[in-house]
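Report on one structure; see the data block that follows.
The values are calculated or read from the model by the stated rules, or taken from the named source; none is laboratory data. The model shown is predicted, which means the values in this text are computed figures rather than measured ones. Using ideal geometry, Cβ is built from the backbone for each residue, glycine included, and neighbour counts are taken over all protein chains shown.
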């Protein structure tokens, strides 16, 4: 049937959910999706604080250019839009202080 | 010089893939390097491995077809690698790229640069808040991860992309609070003749817009978002009507939302061209600064060819044929006898380009939009530099993008000026009362992407370091 604006949300089959941690807190994500997407689903948008004015920052360009969504994994800095979630992923944010 | 490969292609979007595929048909060795794991570029971006199956879209079908073609060809595809520097010698080019934390060099006789475009977003108060994403950026999340962004999105920007972003947000189960677009219906009616060249796309666009009206999603034609508000993420946006030159005017109105997608057109990702030694020129109809070019992707640098949106914003349909033409130019440079019909390809290219240029015309921001950037607005996101700070530097004598960069570090942060240079160029041009075409972008410096010092240093022994003899006193 022709649909003017179909909703495909229920027609998408994803991998099983696994757990990862972000600043010690546990979250669920589909294995293989980007960390940026997993954090969006968890409604965790504030990923980093800017080094200068300490303003909150999050995923912005979504293609590895702007460096706004960078996090640290095993001591290395990486963009969350270019990082796949895998089991045993432990992410440390570059936030100055956690939201209370 | 004996090189690692005959032809290297940087970028695996519609242009790069088609250039690589055609060059490989002539039995040259072709290596195609790309930042993404799978070919496709931004327009045909592949789904993440988390997606096992999903309904097809025109983009996913085109992407799958080119990915199959690449995997069945003799093209060596290096995915998930980042080119950070390009050097040239008399008869060869050397590309330095990062692969899994290691820097590797690749030499080639002939180089095709198909690095595409990036988004321009006019800085507005609050645009650094989490929950603000680029419009092209939103499509990247949609295509790769197939999730909506936030629960209630405002889409604000120029050109056809606003409708695609809104339609995809809904298709993936998200809500659209409103579409705010700088274009008027009259702008679109004027573009109709060019759109008739691609009736399929015209129909798709009309369907998106009809669906918005049926679903009672407000479309504010001739308006723009002027401010984003929120504490640690977006809570609402302020928007205003705009004049013919897109100057915001009239009473502010507000829309509640938890995310906003902004975008005002695309510009060439020209840094790779600069590193390869290609001069830039300004063409406002094609997005601003673009590499100087001759027919079929030839440039002033022998053996270096360009194609796709990086050569000027003409869209993905034009990029495909431009890629083929550049691929043929490359193999002809290496001495092959061409057995494809260049005339036919050029005709196809001209047709696709006129559609793309009409879409660019709708997307390119008009001068009034620069007024969105207030004195206190952060222009350089990386370093947190405001418009007022940049203007102070100009008052002290900074007259070029390079002097603003070295003076206040605007454009020197980890993004390398990719999201502030357009606004800085506009500010300098306004202060000097000269056209933007006279304000050149800064000299491109490696690295093209952030790279760790460990990766740059690689493995070495201190005894291997060349130490020159002290100079005589």
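What about residue B:326, is it in contact with a strand residue (DSSP E or B) (Cβ under 6 Å, 6 or more places away or on another chain), surrounded by 15 or more Cβ atoms within 10 Å (Cβ to Cβ) and not in a strand (DSSP E or B)? Against the criterion (in contact with a strand residue (DSSP E or B) (Cβ under 6 Å, 6 or more places away or on another chain), surrounded by 15 or more Cβ atoms within 10 Å (Cβ to Cβ) and not in a strand (DSSP E or B)), residue B:326 qualifies.
Residues in region B:221-238 that are within 26 Å of the chain's Cα centre (by Cα) and in a strand (DSSP E or B): 8 in all. Taking the stated definitions as given, is residue A:60 at pLDDT 95 or above, in contact with a helix residue (DSSP H, G or I) (Cβ under 8 Å, 6 or more places away or on another chain) and within 10 Å of chain B (Cβ to nearest Cβ)? So residue A:60 fits the description; yes. Residue check: residue B:204 meets all listed conditions (1) buried (at least 17 other Cβ atoms within 10 Å of the Cβ); (2) farther than 24 Å from residue B:249 by Cα but one, namely (1).
If you go through region A:29-50 and keep only what is over 14 Å from residue A:91 (Cβ atoms) and either more than 7 Å from chain B (Cβ to nearest Cβ) or free of Cβ contacts under 8 Å to residues at least 12 places away in the same chain (or both), you end up with A:43, A:49, A:50. Screening the candidates B:250, B:312, B:303, B:288 for the property of being surrounded by fewer than 24 Cβ atoms within 10 Å (Cβ to Cβ) and either within 17 Å of the chain's Cα centre (by Cα) or assigned by TED's automatic domain parsing to the domain that holds residue B:151 (or both) yields one hit, B:250.
Can you tell me which residue is nearest to residue A:94 (Cα to Cα) among those in region A:67-77 that are in a loop (DSSP other than H, G, I, E, B) and more than 8 Å from chain B (Cβ to nearest Cβ)? In this case the residue turns out to be A:69. Across region A:40-55, the qualifying residues are those that are assigned to a loop (DSSP other than H, G, I, E, B) and in contact with a helix residue (DSSP H, G or I) (Cβ under 9 Å, 6 or more places away or on another chain), and the one among them that is farthest from residue B:380 (Cα to Cα) is A:44. Taken over region A:78-100, the criterion of being in contact (Cβ under 8 Å) with a residue 12 or more places away in the chain, over 16 Å from residue B:138 (Cα atoms) and not in a loop (DSSP other than H, G, I, E, B) is satisfied by A:84, A:90, A:91, A:92, A:94. For region A:14-23, the count of residues that are exposed (fewer than 13 other Cβ atoms within 10 Å of the Cβ), within 24 Å of residue B:46 (Cα to Cα) and within 11 Å of chain B (Cβ to nearest Cβ) is nonzero. As a summary of the residue check, residue B:430 satisfies the conditions (1) touching a residue at least 60 places away in the same chain (Cβ under 8 Å); (2) more than 18 Å from residue B:86 (Cα to Cα); (3) in a loop (DSSP other than H, G, I, E, B); (4) over 18 Å from the mean Cα position of the chain (by Cα) except for the one numbered (3). Looking at region B:28-37, can you tell me whether even one residue there is farther than 24 Å from residue B:458 by Cα, buried (at least 16 other Cβ atoms within 10 Å of the Cβ) and without any contact (Cβ under 8 Å) to a residue 60 or more places away in the chain? Yes, there is a match, as at least one residue in region B:28-37 is farther than 24 Å from residue B:458 by Cα, buried (at least 16 other Cβ atoms within 10 Å of the Cβ) and without any contact (Cβ under 8 Å) to a residue 60 or more places away in the chain.
Per the listing B:48, B:71, the residue uniquely outside any loop (DSSP other than H, G, I, E, B) and modelled with pLDDT of 95 or more is B:71.
For region B:50-61, the tally of residues that are surrounded by fewer than 16 Cβ atoms within 10 Å (Cβ to Cβ) and at the interface with another protein chain (Cβ under 7 Å from one of its Cβ atoms) stands at 4.
Does residue B:443 fit the bill of being touching a residue at least 12 places away in the same chain (Cβ under 8 Å) and either more than 22 Å from residue B:267 (Cα to Cα) or not in a loop (DSSP other than H, G, I, E, B) (or both)? So residue B:443 fails the test.
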